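Undergrad: So that we are looking at the same thing, I have put the structure below in structure tokens.
Just so it is clear, none of the values below were taken in a lab; they were calculated from the coordinates. Not measured: the values here are computed from a predicted model. We place every Cβ from the backbone using ideal geometry, glycine too, and count neighbours over all the protein chains shown.
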Amino acid sequence: MRPEGAYSSLLLRVYAALFYAFLYVPILVLIILSFNNSPAMGFPFLGFTTKWYGQALAGGELLTALVNSIMLGVVSASVATVLALLASFGLRHRFPLKGLVFPVILIPIVMPGIVSGVLLLVYIGLAGLPYGLWSAVLPAHITWVLPFAFLTLHPQISRFDTSLEEAAMDLGARPAAVFWRVLFPIIRPALIATLLFSFTISFDEFIRTLFVISAERTVPIYLWVLIIDRVAPFLPAMGVVLMAISMAIAGAGFVLTQRTSTSPN
Amino acid sequence: MLWLLVFAILPVLFLVCLSLWTATIFGIEQTWTLANYQTIVSDAVYASILLKTLRISAIATLLSLALSYPLAMFLVSLKGRTRSLFLLLIFLPFWSSYVVRSFMWLPVLGKTGLVNQILLALGITNAPVEWLLFNEGAVYVGLVYVYTLFMVLPIFLSLDRIDPSVIEAALDLGGKPYQIFARVVWPLSLPGVWSGCVMVFLISVGAYVTPQLLGGTSGTMIGNVIAGQFLNTNNWPLGAALSIALIVMVAVLFAIVGRRLGLKQLFLGARA
């Protein structure tokens, strides 16, 4: 009997099948309903139509929200990745209170979602700054994304062999050259993966956006407003569009990290 | 670091200040008082909703653990490409917003939803049942669905780290499968279990979207009450005090679990 024999029983496989069904049936339902030619959201299935996709995209509101979300995601992912990179490099040196860095970086993750949401509302409100996409939502997103970027990047940087840098410097390379010619090519896959993950985390974020966005819309906010307003028949189509976008981007990130983690460092 | 100081630590201090002020019809009055905390403790509504949130989160965490552990065992039993594929299939749904993932349950559990459709077709009921949605049960379904990845992943990682020869040795010594599980596999997977439980509990405690969409009035959690104080009632100081109460409860939990395991392990094992 192989040791894994204890694991891979038939029962476990049946269970896994049920579990995957639990994960995917709701998604399947959403996709089916997005093509349902029925004036109300739900079953029975009254025929195939793509008109809900047309309606979801009509009016340009979704498009505006999409553009907002993408720009926000790009900027907050870039800033957070750079900050995480700096923090990871900083952690390779010794300095006082170093032990505090890790817990502090984790604060935004540890904070309950609802509290993070109202936190910035209060902060910006009391500071007298304007609410809105760039003044309030952007800092909120960078703060939220930063720990994830750090947790993805830090393991890659911390196991990086310092002798390569030392060799480059011994050969007379200037710090900038060491970074761009030696460090950067090696950490590039990890950097891209971090950027993509950070982007999806920002793109999907809702509660940390809701309270400080005022009248502007990101995609999750737009969807939320529609859901709360009334259960419209084009909502499934909208959900499918959003899911497809996030999954495509995160999927690319996943493939990249798989590649970096399997390749030798 | 400075960034976090400005956007993560300072706001908390602001929140503490705010929780000590009073809300009047004219706005917020900056007089120092503990009245908001007294309200939370003495007003049964707030105290009970805090306890209820802890209860819902704890149950959702245990449900998630019970559902995820066997799946993690299944994933560990796989090899190579099949393993990557099934892992990817676990990740995939979690790459969409939790707003979408909570919303998806409306057309499944709703009056015209999938479950009712099946019940009607099978003749189990002759009218759509309505108790599937807008209650605590629906919140459990939603929370478990939305956050299982955070449970499956750390458990999978810790199971994967178990040296097969350890299990082999146990088998050679005549251990029965359930004995091996209880004495060898389960104890060795505990770091992952703790990490997963902490993550799921933490996210559940701060949930707003899932209870708002699926919970109805009986499934309300503290997140909805806090949001209400800021969005509807406009009693910011009370909302702030409720937030602080929540943070303190979470911090106490962390102090207990973190002492046993260490923060680093808890989070580097649990990164998404």
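Undergrad: With chain A treated as a Gaussian network of Cα nodes joined by springs under 10 Å, which of A:Leu12, A:Leu195, A:Leu91 yields the largest mean-square fluctuation?
TA: A:Leu12
Undergrad: Could I ask something else about it? Just to confirm my numbers, what's the Cα centroid distance between segment A:19-65 and segment B:81-151 in Å?
TA: Cα centres, segment A:19-65 to segment B:81-151: 15 Å.
Undergrad: Averaged across orientations, what area in nm² does the convex hull of the alpha carbons in segment A:103-201 project?
TA: Computing the convex hull of the Cα atoms and averaging its projections yields 8.3 nm².
Undergrad: With the cut-off at 1.5 for a/c, could you classify segment A:61-117 from its C-alpha gyration tensor as rounded, prolate or oblate?
TA: Values: a/c = 6.59, a/b = 1.83, b/c = 3.60.
Here segment A:61-117 falls in the oblate category.
Undergrad: Could you give the Stokes-Einstein D for segment B:86-170 in µm² per second, using the C-alpha Kirkwood radius, 37 °C, 0.692 mPa s?
TA: 210 µm²/s
Undergrad: Follow-up question, since we're still on this one. Given the options A:Val115, A:Val74, A:Val240, which has the most mean-square fluctuation in a GNM of chain A, springs set between C-alpha atoms less than 10 angstrom apart?
TA: Greatest mean-square fluctuation among the candidates belongs to A:Val115.
Undergrad: Taking R0 as 60 Å, what's the FRET efficiency between A:Arg92 and B:Ala127 from their Cβ-Cβ distance, rounded to 0.05?
TA: 0.35
Undergrad: Here's another thing I want to ask about it. Report the chymotrypsin sites (Phe, Trp or Tyr not before Pro) located in segment B:83-185 that are in a DSSP loop and have at most 14 other Cβ atoms inside 10 Å of their Cβ, or state none.
TA: Answer by residue number: B:Trp131.
Undergrad: In deg cm²/dmol and to the nearest 500, what is the mean residue ellipticity at 222 nm of chain A if only DSSP H runs of at least 4 residues count, each as -39500 (n - 2.57), divided by the residue total?
TA: That comes out to -23000 deg cm²/dmol.
Undergrad: With angles folded into 0 to 90 degrees, how steeply does helix A:219-229 sit against the dominant principal axis of chain A? Use alpha carbons for both and round to 10.
TA: 30 degrees
Undergrad: To continue, here is another question. Given the Cα atoms of segment A:60-262, and with Rh set as the inverse mean 1/r over their pairs in the Kirkwood sense, what is Rg to Rh to two decimals?
TA: A ratio of 1.04.
Undergrad: Compare A:Phe148, A:Phe254, A:Phe203 in a GNM of chain A, Cα atoms joined below 10 Å, and give the one with the largest fluctuation.
TA: Answer for the Gaussian network model of chain A: A:Phe254.
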